[in-house]
Amino acid sequence: MSDPAASDSRGASQPILEIHGAALRRDGRELWAGLDLTVEPGELIAVLGPSGSGKTTLLRAILGLEDLSEGSIAVGGKPVRRAGNRSIGYLPQTRPLPRDTALRGRDLVALGVSGHRFGLPLPRRTDRDRVDELVAAVGAEAFADRPVGVLSGGEQQRLRVGQALADDPQLLLCDEPLTSLDLANQQAVVKLIDQHRRSGAAVLLVTHDINPVLGKVDRILYIANGRFTLGKPKDVLTSPVLTDLYGAPVFVLRAGDRLVVVGAPDAEASHHHHDHEGHA
């Protein structure tokens, strides 16, 4: 959970992310409306919901890549803009890079250090030192000099974490960062994200499975059917709350130390009901 001392470490008294009255419509369909969300330093918010509910679109709006239909978004007290904001880090979904990708592992991390510069980025000693620091921070020293295309999905994702943390961002946006990773690599990536959160950053993490991060999450934003609910995991992940949100019977079960949501309609499944084990 969030560490009050972490907030003090950056001297940040104001929220890192502020969303007020936000609405987004696409192709005549309202993804969500009336969204108010304030995220404090050291907080980790998980964003859940069925496919097509607007989770990734929310991250794109925070990045300034998607215009809101209504409302406002500010990061560090400043409105988001299309030109980008180096106080925001972005960790995308796990997608294997082609085997013939002409980059070493450390080159992938270096894109986060110098890739924002115009023209051909010239290597600087300070850049090389920062890349070395990031490679070490994500535990990638053993494979940083190998071609990224031959690395495993977990190794590639560790390098992407290093790239996302290059500017020590105040806000880290993670879009399904654990998809297709085995349990060991899921735990490794979650640990890296949590370490950055403990430094005083805020994290917004989109996921289809809450279980790998359940012990780290402060609040959950659950979006479905153009509606949303926001609260602590114990208050959101309940059968009555999700049944009301979906407008259909949904059951939250506990299997050992895992949560299982049963009966949640999938937005991409032609409105048929499916069981989503582990998709809480």
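Among the residues of the stretch 12-19, not a single one is free of Cβ contacts under 8 Å to residues at least 40 places away in the same chain and under 17 Å from the mean Cα position of the chain (by Cα). Restricting to the stretch 170-187, and then to whatever is more than 19 Å from ASP218 (Cα to Cα) and part of a loop (DSSP other than H, G, I, E, B), can you tell me which residue is farthest from the chain's Cα centre (by Cα)? Filtering the stretch 170-187 for residues that are more than 19 Å from ASP218 (Cα to Cα) and part of a loop (DSSP other than H, G, I, E, B), the one farthest from the chain's Cα centre (by Cα) comes out as ASP182. Annotation for the stretch 209-224: no member residue is modelled with pLDDT under 90 and either buried (at least 23 other Cβ atoms within 10 Å of the Cβ) or touching a helix residue (DSSP H, G or I) at 6+ places or on another chain (Cβ under 7 Å) (or both). Does ASN211 fit the bill of being over 23 Å from ALA33 (Cβ atoms), touching a residue at least 24 places away in the same chain (Cβ under 8 Å) and polar (S, T, N, Q)? So ASN211 fits the description; yes. Right, LEU65: hydrophobic (A, V, I, L, M, F, W, C) and under 22 Å from HIS208 (Cα atoms) or not? Considered against the rule, which asks whether it is hydrophobic (A, V, I, L, M, F, W, C) and under 22 Å from HIS208 (Cα atoms), LEU65 comes out as no. Scanning the stretch 16-41 for residues being surrounded by 14 or more Cβ atoms within 10 Å (Cβ to Cβ), charged (D, E, K, R) and not in a strand (DSSP E or B) gives a total of 1. Of all the criteria given as (1) farther than 19 Å from ILE223 by Cα; (2) buried (at least 18 other Cβ atoms within 10 Å of the Cβ); (3) among the hydrophobic types (A, V, I, L, M, F, W, C), the one not satisfied by ALA74 is (2).
Flag: ALA102 does not match the condition of being farther than 21 Å from ALA188 by Cβ, in a helix (DSSP H, G or I) and of a type in the set (Gly, Ala, Ser). Would you call LYS232 among the charged types (D, E, K, R), out of contact with any strand residue (DSSP E or B) (no Cβ under 9 Å at 6 or more places or on another chain), at pLDDT 90 or above and outside the structural domain of ALA110 (by TED's automatic domain parsing)? Considered against the rule, which asks whether it is among the charged types (D, E, K, R), out of contact with any strand residue (DSSP E or B) (no Cβ under 9 Å at 6 or more places or on another chain), at pLDDT 90 or above and outside the structural domain of ALA110 (by TED's automatic domain parsing), LYS232 comes out as no.
Scanning the stretch 78-101 for residues that are in contact with a strand residue (DSSP E or B) (Cβ under 8 Å, 6 or more places away or on another chain) and either under 22 Å from PRO41 (Cα atoms) or hydrophobic (A, V, I, L, M, F, W, C) (or both) yields PRO79, VAL80, ASN85, SER87, ILE88, GLY89, TYR90, LEU91, PRO92. Among the residues of the stretch 219-230, the ones that are farther than 20 Å from ARG254 by Cβ and touching a Gly at 6+ places or on another chain (Cβ under 9 Å) come to 7 in all.
Check the stretch 6-15 and report whether any residue there is out of contact with any helix residue (DSSP H, G or I) (no Cβ under 8 Å at 6 or more places or on another chain), in the same structural domain as PRO212 (by TED's automatic domain parsing) and at pLDDT 90 or above. Yes, the stretch 6-15 has at least one match. If you go through the stretch 55-75 and keep only what is touching a strand residue (DSSP E or B) at 6+ places or on another chain (Cβ under 8 Å), closer than 23 Å to LEU165 by Cβ and assigned to a loop (DSSP other than H, G, I, E, B), you end up with just LEU63. Quick check on VAL190: is it of a type in the set (Val, Ile, Thr), in contact (Cβ under 8 Å) with a residue 12 or more places away in the chain, outside any loop (DSSP other than H, G, I, E, B) and in the same structural domain as SER53 (by TED's automatic domain parsing)? Yes: the conditions hold for VAL190. Against the definition (assigned by TED's automatic domain parsing to the domain that holds LEU58 and touching a residue at least 12 places away in the same chain (Cβ under 8 Å)), how does GLN157 come out, yes or no? For GLN157, the condition - assigned by TED's automatic domain parsing to the domain that holds LEU58 and touching a residue at least 12 places away in the same chain (Cβ under 8 Å) - is not met. Taking the criterion of being at pLDDT 95 or above, closer than 22 Å to ILE210 by Cβ and not aliphatic (A, V, I, L, M), the residues of the stretch 37-58 that qualify are THR38, GLU40, GLY42, GLU43.
The values are calculated or read from the model by the stated rules, or taken from the named source; none is laboratory data. Fair warning: this is a prediction, and the values are worked out from it, not measured in the lab. Cβ atoms come from the backbone with ideal geometry, glycine included; neighbour counts cover every protein chain shown.
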